[in-house]
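Colleague: Here you go, one structure.
Taken together, the values in this text are just the output of simple stated rules run on the coordinates, not laboratory data. Computed from a prediction, not measured in an experiment: that's the story for all the values here. Every residue, glycine as well, gets a Cβ built from its backbone with ideal geometry; the counts of neighbours run over all protein chains shown.
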Amino acid sequence: MPVKPYAHPNGAVAPTIPTQFVPRHVAVVMDGNGRWANQRGLPRNEGHRAGEAALLDVVAGAIEMGIDCVSAYAFSTENWKRSIDEVSFIMKFSVDVLDRQLETLNNWGVRIRWAGRRPKLWKSVIKRLEECEEATKNNTVCTLVMCVNYGGRAEIADAAAALAQDVADGKLKSTSINEKVFQKYLDEPDLPDVDLFLRTSGEQRFSNFLLWQSAYAEMVFMNVLWPDVDRTTLWKAVEEYALRDRRYGGAVDKISK
Ligand code: FPP
């Protein structure tokens with residue numbers, strides 16, 4: 001039996017929101033680690049270090065709210081442009097975070113999945129991510145997708161290449177390609193579309209995160225740096241999400257005839 005996550009240190013409890021207004025899938029851009037550290041006269045890597053607890057608390061808050069899936073943008077296909085020192089730190093840190101948090105996440109019933117590209121990614125990171133996927137594959141409380149060496153365009157381009165190969169091999173007819181078929185070639189095809197796209201640090205960009213899956217996501221931007229985030233940040237974002245009118249391209253005439 002999964003155990004409940006630890007309580008919020010200030011005793012905060014999740015707001016009561018009708019189930020139909022709770023997002024199934026939340027995409028989180030954990031932005032602002034570097035700025036948080038530099039504001040304190042610390043090197044950027046200290047911001048990443050401080051971000052670990054924020055991620056864990058957000059997962060706790062997601063479980064308390066009944067959110068099925070959280071996708072966390074940990075390292076993008078563009079982050080290789082950062083200094084060797086920072087890239088090496090994030091690679092080692094990712095393995096350490098998984099080492100430290102696997103047991104807790106597993107106890108909470110969290111299924112860990114990895115989305116991202118293999119090329120360039122450190123073998124130690126791939127190995128640990130795959131071990132975590134295997135160790136938690138039967139968990140059903142919540143899914144945490146660690147997006148490491150992930151890029152939305154790369155994911156779509158890789159899917160197009162695999163699909164073209166299947167057409168060339170005669171396994172698929174080009175005339176049968178549609179959105180549903182295409183989606184099967186993405187990294188995690190069975191995950192629901194993103195409902196809530198949450199970015200911290202005040203920046204208002206997609207930054208190449210879950211482009212296909214976020215086609216109809218509600219965007220919520222919070223003016224807080226990632227290390228200062230906890231589950232109450234997620235809850236505030238969900239409260240805002242719950243007030244949104246999701247029309248998916250549809251429209252209703254509201255004047256009376
Ligand atoms: C963005 O802030 C944050 C990152 C690039 C890395 C965050 C990663 C973690 C907190 C955990 C990783 C864990 C696993 C298991 C993979 P930024 O550096 O862009 O901040 P800035 O915009 O202030 O410069």
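Colleague: Would you kindly derive the ³J(HN,Hα) couplings of segment 210-217 from the backbone phi angles with the Karplus curve 6.51 cos²θ - 1.76 cosθ + 1.60 (θ = phi - 60°), listing them in order in whole Hz, with x for Gly and Pro?
Modeller: Whole-Hz 3J(HN,Hα) from phi for segment 210-217: 6, 4, 5, 6, 9, 3, 10, 6.
Colleague: Now a separate question. For F89, F75, which order do you get if you count the other beta carbons within 10 Å of each Cβ and list the fewest first?
Modeller: Neighbour counts put them in this order, fewest first: F89, F75.
Colleague: Cβ under 10 Å from R24's Cβ, R24 left aside: what net charge do those residues give with Lys, Arg +1 and Asp, Glu -1?
Modeller: Neighbourhood net charge equals -3.
Colleague: For a quick check of your reading of the filter: which trypsin sites (Lys or Arg not before Pro) in segment 1-40 sit in a DSSP loop and have no more than 13 other Cβ atoms within 10 Å?
Modeller: Numbers: sites: R24, R35, R40; in loops: R24, R40.
Filter output for segment 1-40: R40.
Colleague: Same structure, new question: If each residue's Cβ is checked for other Cβ atoms within 10 Å, how do W226, W235, W80, W212 rank with the fewest at the top?
Modeller: Numbers: W226 26, W235 21, W80 12, W212 17.
The order, fewest Cβ neighbours first, is W80, W212, W235, W226.
Colleague: Tell me, V229, V141, V220 in order of fewest to most beta-carbon neighbours within 10 Å?
Modeller: Working: V229 27, V141 18, V220 21.
Neighbour counts put them in this order, fewest first: V141, V220, V229.
Colleague: Counting Lys +1, Arg +1, Asp -1, Glu -1, what net charge surrounds G61 among other residues with beta carbon under 13 Å of its beta carbon?
Modeller: Summing Lys/Arg as +1 and Asp/Glu as -1 gives -1.
Colleague: For segment 117-166, which trypsin sites (Lys or Arg not before Pro) are both in a DSSP coil and crowded by at most 11 other Cβ atoms within 10 Å?
Modeller: Qualifying residues, ordered by number: K120, K137.
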